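So the structure is just underneath, and the comments pick up after that.
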Amino acid sequence: MEHHRTARSAATTDKPFAEALVDELANHTQFDIPGYEERFGEVHGAVYRWDLWAAHCGNART
């Protein structure tokens, strides 16, 4: 997720992360973007689960 790291480091109070990520992805070819999208989907799916969010919020079910 190199694009995320680059965008995170470029983000400021005047330039939010989403805007920095768009700028970062705009510097790549149309062939790079599907790879980013696929990897993002894999990572997002792995961490966007109710059990992780419940643990984060302190409401983990037993």
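Values computed for the structure shown
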item	result
Single residue of the stretch 43-62 satisfying the filter (at pLDDT below 80 and surrounded by 10 or more Cβ atoms within 10 Å (Cβ to Cβ)) that is farthest from Glu2 (Cα to Cα)	Ala60
Residue selected from the stretch 1-10 under the condition open to solvent by less than 80 Å² (accessible area, probe 1.4 Å) and of a type outside the set (Gly, Ala, Ser), by the criterion modelled with the lowest pLDDT	Met1
Pairs, first under 19 Å from Arg8 (Cα atoms) and modelled with pLDDT of 80 or more in the stretch 21-38, second among the β-branched types (Val, Ile, Thr) and surrounded by 10 or more Cβ atoms within 10 Å (Cβ to Cβ), C-beta under 9 Å, six or more apart	Leu21/Thr6; Glu24/Thr6; Leu25/Ile33
Verdict on Thr13 being open to solvent by 70 Å² or more (accessible area, probe 1.4 Å) and at pLDDT 85 or above	yes
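The values are calculated or read from the model by the stated rules, or taken from the named source; none is laboratory data. Keep in mind that what you see is a predicted model, and the values were worked out from it rather than measured. Here Cβ is always computed from backbone atoms with ideal geometry, including for glycine, and neighbour counts include all displayed protein chains. All accessible areas refer to the heavy atoms of the entire protein, side chains included, with ligands and DNA or RNA removed. Shrake-Rupley method; radii C 1.70, N 1.55, O 1.52, S 1.80 Å.
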